[in-house]
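Below you'll find the structure, written out as structure tokens, and then a few comments.
Laboratory data are not the source of any read-out in this text; all were calculated from the coordinates shown. For clarity, every value in this text was computed on a predicted model and none was experimentally measured. Quick reminder, even Gly has a Cβ in these numbers, built from the backbone with ideal geometry, and neighbours come from all protein chains shown.
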Amino acid sequence: MTPNYQRLTILGATGSIGASTLNIVRLTPERYPIFALSGHHQVDALAALCHEFSPHYAVVPDEHTALRLKTLLQTLACRTQVLKGAQALIEIATDPSVDCVMAAIVGAAGLAPTYAALKAGKRVLLANKEALVMAGDLMMQAIQEAKATLLPIDSEHNAIFQCLPLRFLAPRLFPALKVDPLLAHAGVEKILLTASGGTFRDLPLAQFASITPEAACQHPNWQMGKKITVDSATMMNKALEVIEAHYLFGLNAGEIDVVIHPQSIIHSLVAYTDGSLLAQLGEPDMRIPIANALAWPERMASGVKPLDLLQAGTLSFKALDPIRYPAFSLGYEALTLGGTAANIINAANERAVAAFLSHKIPFTAIAQLTREALNAIPIQAASDFDTIIGIDLQARAFIDQCIKTF
Ligand code: NDP
Ligand code: MG
């Protein structure tokens, strides 16, 4: 396999990251033949993608959806084979003919196929941060055992990835590449994740309780799926990203800082011991990190024009206000608590966001209920997959119980 020819499986092809990935594939389709695509509810969109990219397989959740997709594919004279269910997601992520897996399912549903891809030694492009938050230790262990490759897609983590030397990254993220262990630390002091501040960064706090799902699904700088857009508004997204950074780069909580940068031009920074700060800048467009990871260690066109510094104007920074974003500190707390704490906040938040989006709880209850779940559910060692799934279900059941009181 060379970075310029990879057979791809895209988990979550019908989503925002899936669409950006396929936009890049369209630029040079001969380099990135599609082996398989998965979707969930958007069957028409998945059928159109099958018609265009002719994957061997398309995966949907159940029999009913599979029948709908098969019917649509017949009318399009498309020969893509339709598979269904969670096991089929694992099969398309681990098939021997797949080189690279884009993990772009949202939430806990992406964990099993993403973990399976790493255990199969694949090159995995990780957008699905929730998988790493849930099972970071297991995933990092799988990379070592299977000599897999993990490349971050999240814009902040991809920025940091670009600002760190290979000898720092290789032992954790692509152990097949041998580096001198004596040089591995590389003088990295800390990393700084930037945060836009989300949709409500300037809204008076008194109005937070009446925020509607429609308002929370509008992000000022990025076009993304609903769950991550709400997570950006509560800043739970940044809490999850602190945990994601801990696993990806092997840094502890004290080595990960967050700063508000409303323009989303600097995507994150690395501070070195000599006082240097290295940053990656660009338009807020996910095609940049996706192209970076697809082509890595080379570079390719993403279809995004380079940032015009004269147009970008003033770049500003400010400290994050923990009163405005009560969900944010949960990330650091979960890191400090260790074990299944991160798993609890991830599942509780996912369930609470879904309840908010269906008008069952107010916006402010998302952080409140997530904290209650962290306080109530006993933390265990996150040592095996079954424990992680068990805690995930327990946290969801806890939130469902709490929702009844609203
Ligand atoms: P979207 O909601 O746009 O897309 C999610 C994808 O997952 C869709 O293909 C959806 O299918 C599929 N899906 C949803 N639920 C399930 C399920 N239960 N089982 C299997 N598949 C499912 O999300 P995004 O693309 O915005 O985000 C994807 C991941 O990338 C998230 O983890 C997010 O945090 C991360 N990310 C996203 C960024 C962005 O800019 N969008 C930036 C950084 C990280 P369907 O649509 O057919 O129902
Ligand atoms: Mg991000």
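Of all residues in the stretch 224-250 being more than 9 Å from ligand 1 (Cβ to nearest atom) and among the β-branched types (Val, Ile, Thr), which is surrounded by the fewest Cβ atoms within 10 Å (Cβ to Cβ)? Within the stretch 224-250, the match that is surrounded by the fewest Cβ atoms within 10 Å (Cβ to Cβ) is Val242.
Has the stretch 387-403 got any residue that is aromatic (Phe, Trp, Tyr) and assigned to a loop (DSSP other than H, G, I, E, B)? Within the stretch 387-403, none of the residues are aromatic (Phe, Trp, Tyr) and assigned to a loop (DSSP other than H, G, I, E, B).
Please work out which residue is surrounded by the most Cβ atoms within 10 Å (Cβ to Cβ), limiting yourself to the stretch 323-352 and to residues that are over 22 Å from Ile379 (Cβ atoms) and either within 24 Å of the chain's Cα centre (by Cα) or of a type outside the set (A, V, I, L, M) (or both). Of everything passing the filter in the stretch 323-352, Tyr325 is surrounded by the most Cβ atoms within 10 Å (Cβ to Cβ). Take the stretch 307-321 and flag every residue that is within 30 Å of Arg26 (Cα to Cα) and either surrounded by 10 or more Cβ atoms within 10 Å (Cβ to Cβ) or in contact (Cβ under 8 Å) with a residue 60 or more places away in the chain (or both). Residues satisfying the conditions are Leu307, Leu309, Ala312. If the condition is being over 20 Å from Leu125 (Cα atoms) and of a type in the set (Gly, Ala, Ser), then the stretch 269-306 contributes Ala271, Gly275, Ser276, Ala279.
Residue-wise test of (1) more than 16 Å from ligand 2 (Cβ to nearest atom); (2) more than 28 Å from Ile105 (Cβ to Cβ).
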residue: Pro152; (1), (2): no, no
residue: Glu156; (1), (2): no, no
residue: Ala159; (1), (2): no, no
residue: Leu169; (1), (2): yes, no
residue: Val179; (1), (2): yes, yes
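Going through (1) farther than 19 Å from Pro326 by Cα; (2) assigned to a helix (DSSP H, G or I); (3) more than 13 Å from ligand 2 (Cβ to nearest atom); (4) under 20 Å from the mean Cα position of the chain (by Cα) one by one, Gln218 falls short only on (2).
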